[in-house]
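Nothing in this text is a laboratory measurement; each read-out follows from the coordinates by a stated rule. Since the model is a prediction, treat every value here as computed from it, not as a measurement. All Cβ positions, glycine included, derive from the backbone under ideal geometry; neighbour counts span all protein chains shown.
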Amino acid sequence: MMQKDSRLAGHIACFTAYAIFGVNIIVCKDLTGGHLISPIALFSLRSLGAGLLFWLLSLFGPREKVEKKDYLKIFAAAFLGYFVTQLTFLVAIPDVTPMHCSIMSAMSPIYTMFIAAIALKEPLSWQKSSGVLLSLSGIIFLILNNAGARSGASESTLMGLFMMFLNSFSFSLYLGIFKPVIQKYSVVTFMKWIFLFSSVMALPFSYGEIFSLSWTRIPAAQMWELGYLVVFATFISYFLIPYGQKRIRPTLVSMYSYIQPIIATVLSIIIGMDMLTWQKVLAAVMVFGGVIIVSRSRSSISK
C-alpha cells in the first residue's frame with residue numbers, strides 16, 4: 001500500500017512539473033523573443049534564483065553530507081540535466097517553428113527508454129514500448145491537427161533543430177543515467193548542488209550582461225514572467241522532478257513531457273484562442289492511455 005502511494009505521489013509530482021513547463025514555453029518565448037535578456041543571462045538568473053532558494057531551504061532541514069565521489073556525478077548531472085538542457089532550449093526556441101519544437105521534444109521518452117535499458121538495465125517490454133508509441137502517436141496527431149497555427153519562427157533553422165535534438169537527448173541522458181545518485185540524497189541536497197554547479201558553468205559567459213542590465217527598463221509584465229521562471233518553472237519544477245524520479249521509472253518520468261502540449265491546448269481553449277475538437281480529445285486519450293499502459297508494465301512497477 002505504501003509503495004502504491006509512493007508511486008501515486010511520483011505521478012502527481014511529474015504531472016505538476018510538466019504542466020508548469022507547458023506554460024514555461026510561452027513565457028520563455030516572450031522573454032527571449034523580445035531580446036530583453038539573452039538566453040545565457042536568462043539561464044544564469046534562473047540558476048542563481050532557484051539555487052538561492054534551495055540553499056535557503058536546506059538550512060531548515062537535516063544536514064546531509066555528500067560523499068566526495070558523488071560530487072563529480074552531480075556535476076555531470078547538472079551539466080546534462082540543466083545546463084545543456086535549458087541553454088539549448090533557450091537558444092533554439094526563437095529559431096524553430098512550434099510544430100518542429102513539439103515533435104523534437106516528443107522524442108525524449110524514446111531516447112530515455114533506450115538509455116535506461118542500457119544504463120539501468122530497465123527491461124524493454126512490449127507493453128512499455130507500445131505505451132510509449134501510443135502516447136507519441138497521440139502527440140504527433142495533435143501537432144499535425146494544429147499545423148495551421150502560426151506563432152514564433154516561420155521556418156526552422158538547422159541550428160535550431162540541432163539545439164532541440166540536444167535538448168531532448170541531454171535530458172534523456174540525465175533521466176536514464178543518474179537515478180542511483182538521485183535516490184541516494186534528499187531532493188533539496190541534490191538540487192542545491194545541481195544549481196550551484198549550473199551557476200558556476202554559466203556565470204563566466206553572462207556576468208557582464210547581468211551586471212550591466214538596465215532592470216528599470218524591463219516592463220512589469222516581463223518581470224512577472226521572470227519571477228514565474230525562477231520560482232515555478234525552475235525551483236518548484238526541479239524539486240518535483242527528482243521527487244518523482246525517486247518513485248517511478250525514468251521512461252515514465254520522461255513520458256510526462258507529453259503533458260506540455262496538452263496543457264497548452266487546454267489553456268488555449270479556456271481563454272478562447274482555440275476550440276475543442278474530437279481530434280484534440282482523441283489525442284489526449286492516446287497520450288494518457290499510453291502513460292497508463294507504461295505505468296502498469298511489469299518493468300515500471302518492479303524495483
* Structure fact -> Percent relative contact order for the chain, counting Cα pairs under 8 Å at least six residues apart, stands at 39
* Asked: For region 46-54, what does the Karplus curve 6.51 cos²θ - 1.76 cosθ + 1.60, with θ = phi - 60°, yield as ³J(HN,Hα) per residue in whole Hz, taken in order and with x for Gly and Pro?
  -> 5, 5, 5, x, 5, x, 4, 5, 5
* Dipole of region 2-301 (Lys/Arg Cβ +1, Asp/Glu Cβ -1, origin at the Cα centre): which of 90, 170, 265 lies farthest to the positive side? -> 170
* **In order through region 217-232: 3J(HN,Hα) via Karplus (6.51 cos²θ - 1.76 cosθ + 1.60), integer Hz, x for Gly, Pro** => 8, 7, x, 4, 4, 5, 5, 5, 5, 4, x, 4, 4, 6, 7, 8
* the chain, dipole about Cα centre (Lys/Arg Cβ +1, Asp/Glu Cβ -1), debye to the nearest 20 -> 1180
* Per-residue HN-Hα couplings for region 119-125, Karplus 6.51 cos²θ - 1.76 cosθ + 1.60 at θ = phi - 60°, whole Hz, x for Gly and Pro? -> 7, 10, 6, 6, x, 9, 8
* Take the chain, compute every pairwise Cα distance, and split them into 10 Å bins from 0; I just need the percent in each bin. => 6, 27, 36, 23, 7, 0
* To do: Order by neighbour count: 295, 47, 105, fewest other Cβ atoms within 10 Å first, most last.
  => 295, 105, 47
